[in-house]
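These notes are about the structure you will find just below.
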């Protein structure tokens with residue numbers, strides 16, 4: 001009660017931000033959203049993961065007094081939010097299915113007595129006649145809908161109660177409603193505003209860019225081997241691996257454990273206790289990898305997730321953005337890596353066609369998948385393609401695989417025509433594997449039985465490798481030149497755009513296969529460039545690297561935790577000889593200056609003495 005009295009005497013957002021949450025200032029965008037809600041307006045706020053969405057309704061809740069009801073999709077997410085608020089001294093509670101009836105009744109009595117400021121409910125519990133009637137008798141000041149993209153993405157089929165939230169404004173006329181999400185394209189935003197607010201709302205869209213996350217996409221060959229290879233550059237780091245099936249998550253987790261990684265599986269088929277144990281392990285300990293379906297991640301606020309790996313194609317760019325947003329929330333470098341192939345596209349299209357929700361919804365989801373495939377096949381900066389989907393413009397980022405390993409586009413019109421002719425002569429009903437077999441001239445049982453070995457296209461592409469033909473077909477699909485029959489057996493057919501190419505009215509340019517540069521190779525290139533272009537002594541740089549490696553082994557931490565490559569390069573360039581000078585090196589803060597300064601200064605001084613005496617240390621005068 002004392003906290004409520006304190007708040008009532010100082011109902012200023014900045015005061016609450018400082019005294020309750022311990023922050024000196026709002027992040028960009030937060031204050032405008034808070035002011036709109038305090039002004040009684042409906043608000044849709046689309047803000048990137050880690051930008052402080054929760055404060056945008058928690059602060060107004062405490063300023064307004066009375067009761068704020070927060071709608072949240074996951075019990076674990078509600079429990080985490082309530083625990084954090086209680087730790088800050090806020091009277092917050094949740095009524096959910098994991099608590100006993102006795103516990104829920106006790107909490108409701110506190111709510112009814114006006115002792116609770118913020119109440120978290122799942123939409124299924126909120127949108128019942130009994131709960132709505134009970135809440136109408138209370139002093140409610142604000143509704144907040146968290147993870148509001150569920151209204152557009154899940155409302156029609158998976159979570160119908162999210163769709164039912166549109167009746168809130170009729171049940172509680174005049175009360176402001178805030179809807180919050182990290183991802184919603186323009187179509188989804190219009191959908192949310194129409195359903196929840198009847199078309200009347202203030203819409204705030206913060207920047208979507210997460211520049212610290214490196215974006216990489218790789219053609220799928222063997223997802224398990226590719227994951228293990230990827231982890232060579234991420235040893236000792238926490239990360240999330242997303243897979244489509246429950247079985248895949250368990251198999252990948254087992255494979256990682258067999259190779260010495262600490263990995264756990266997480267999916268909806270596990271018991272609540274097993275899921276809670278996996279999540280707690282991930283949240284509380286370092287270097288844990290969770291192999292999960294999309295059941296894992298919503299509301300996860302672990303700052304040091306260094307990577308997200310998609311072993312299967314996600315459902316859309318919206319889902320992809322939501323999932324990679326769990327990496328790098330501390331602002332430090334992180335990586336989002338995806339492997340995908342034609343089979344992924346085929347599977348996703350089949351899922352869409354099997355969904356309920358009507359033809360219009362299926363059409364929209366197919367378009368969203370088209371955008372994701374186009375992103376995967378982006379010939380230029382991947383971040384530009386991702387941000388453009390959300391309506392933002394960006395310069396080339398320099399932190400995606402296309403920017404780091406650019407490949408010149410090649411005219412592939414002739415090869416496209418060869419593929420189209422093979423498809424046409426076989427009735428446009430076979431998948432990519434058979435088309436490529438014919439192009440390569442493989443006289444296997446299937447080709448022989450169908451008499452396809454006698455076609456004029458048989459063997460015309462044998463001068464190219466199978467991987468090249470796969471890349472060509474994949475990019476033709478990504479460019480909408482070729483369609484996949486997902487309702488049948490994955491047969492390829494020529495789209496209207498492909499027929500325009502055949503008629504000489506369009507061209508096809510493609511990105512050839514290029515070998516991926518590993519992080520280790522990029523690091524070596526960066527250090528070599530410093531030696532050749534910046535005049536840094538290679539001998540000194542190697543000594544500093546060796547010292548860093550030794551210290552990392554002793555402390556059982558990755559080398560970059562000691563000092564980054566950039567810091568070592570700057571150190572080798574400046575050659576500091578005093579602690580004052582060492583403190584001026586890039587990346588050397590007060591703590592590292594105190595802990596590591598003397599160790600590295602000794603190495604640099606030793607190098608300076610050796611080079612000045614031609615390696616004869618004994619001839620050097622003491623300093």
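Numerical summary
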{"read-out": "Unique residue being assigned to a strand (DSSP E or B), out of contact with any helix residue (DSSP H, G or I) (no Cβ under 6 Å at 6 or more places or on another chain) and closer than 26 Å to residue 553 by Cα when the list is 229, 239", "value": "239"}
{"read-out": "Matching entry among 320, 389 (being more than 28 Å from residue 287 (Cβ to Cβ) and either within 18 Å of the chain's Cα centre (by Cα) or crowded, with 19+ Cβ neighbours inside 10 Å (or both))", "value": "389"}
{"read-out": "Number of positions in the range 542-566 that are closer than 15 Å to residue 595 by Cβ, modelled with pLDDT under 85 and surrounded by 18 or more Cβ atoms within 10 Å (Cβ to Cβ)", "value": "2"}
{"read-out": "Selection count where residues are within 20 Å of the chain's Cα centre (by Cα) and closer than 30 Å to residue 342 by Cβ, scope the range 171-208", "value": "7"}
{"read-out": "Matching residues in the range 449-458 - criterion: being surrounded by 12 or more Cβ atoms within 10 Å (Cβ to Cβ) and assigned to a helix (DSSP H, G or I)", "value": "452, 453"}
{"read-out": "Residue selected from the range 76-90 under the condition surrounded by fewer than 19 Cβ atoms within 10 Å (Cβ to Cβ) and touching a strand residue (DSSP E or B) at 6+ places or on another chain (Cβ under 8 Å), by the criterion farthest from residue 105 (Cα to Cα)", "value": "86"}
{"read-out": "Test: residue in the range 416-425 that is out of contact with any helix residue (DSSP H, G or I) (no Cβ under 6 Å at 6 or more places or on another chain), in a helix (DSSP H, G or I) and closer than 27 Å to residue 315 by Cα", "value": "no"}
{"read-out": "Enumeration of residues in the range 483-541 that are within 24 Å of residue 406 (Cβ to Cβ), at pLDDT 60 or above, part of a loop (DSSP other than H, G, I, E, B) and under 31 Å from the mean Cα position of the chain (by Cα)", "value": "508, 511, 512, 513"}
{"read-out": "Exclusive hit being in contact with a helix residue (DSSP H, G or I) (Cβ under 6 Å, 6 or more places away or on another chain) and under 23 Å from residue 373 (Cβ atoms), set 313, 244", "value": "313"}
{"read-out": "Helices (runs of 4 or more DSSP H) contained in the range 555-613 and holding at least 3 residues over 30 Å from residue 287 (Cα atoms)", "value": "565-574, 579-582, 590-612"}
{"read-out": "Selected residue (criterion: modelled with the lowest pLDDT) from residues of the range 351-369 that are closer than 30 Å to residue 404 by Cα and buried (at least 17 other Cβ atoms within 10 Å of the Cβ)", "value": "368"}
{"read-out": "Which listed residue, of 44, 138, 142, is farther than 26 Å from residue 19 by Cα and in a strand (DSSP E or B)", "value": "44"}
{"read-out": "Residue match in the range 329-342 (condition: over 30 Å from residue 282 (Cα atoms) and free of Cβ contacts under 8 Å to residues at least 12 places away in the same chain)", "value": "no"}
{"read-out": "From the options 287, 276, 243, 268, residue that is touching a residue at least 40 places away in the same chain (Cβ under 8 Å) and farther than 18 Å from residue 309 by Cα", "value": "276"}
{"read-out": "Residue match in the range 291-304 (condition: touching a strand residue (DSSP E or B) at 6+ places or on another chain (Cβ under 9 Å), surrounded by fewer than 17 Cβ atoms within 10 Å (Cβ to Cβ) and more than 26 Å from residue 318 (Cα to Cα))", "value": "no"}
{"read-out": "Subset of the range 328-338 that is on the phi < 0 side of the Ramachandran plot and surrounded by fewer than 19 Cβ atoms within 10 Å (Cβ to Cβ) - its residue that is modelled with the lowest pLDDT", "value": "330"}
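Okay, residues lined up against (1) more than 22 Å from residue 225 (Cβ to Cβ); (2) out of contact with any strand residue (DSSP E or B) (no Cβ under 7 Å at 6 or more places or on another chain); (3) surrounded by fewer than 20 Cβ atoms within 10 Å (Cβ to Cβ):
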position: 252; (1), (2), (3): no, no, no
position: 257; (1), (2), (3): no, no, yes
position: 270; (1), (2), (3): yes, yes, yes
position: 284; (1), (2), (3): yes, yes, yes
position: 287; (1), (2), (3): no, no, yes
position: 308; (1), (2), (3): no, no, no
position: 311; (1), (2), (3): no, no, no
position: 326; (1), (2), (3): yes, no, no
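Residue-wise test of (1) outside the structural domain of residue 313 (by TED's automatic domain parsing); (2) under 20 Å from residue 313 (Cα atoms); (3) part of a helix (DSSP H, G or I).
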| position | (1), (2), (3) |
| --- | --- |
| 386 | no, yes, yes |
| 395 | no, no, no |
| 428 | yes, no, no |
| 460 | yes, no, no |
| 470 | yes, yes, yes |
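The values are calculated or read from the model by the stated rules, or taken from the named source; none is laboratory data. In this text the structure is predicted, and so the values were computed from the model without any measurement. Neighbour counts run over all protein chains shown; Cβ positions are idealised from the backbone, glycine included.
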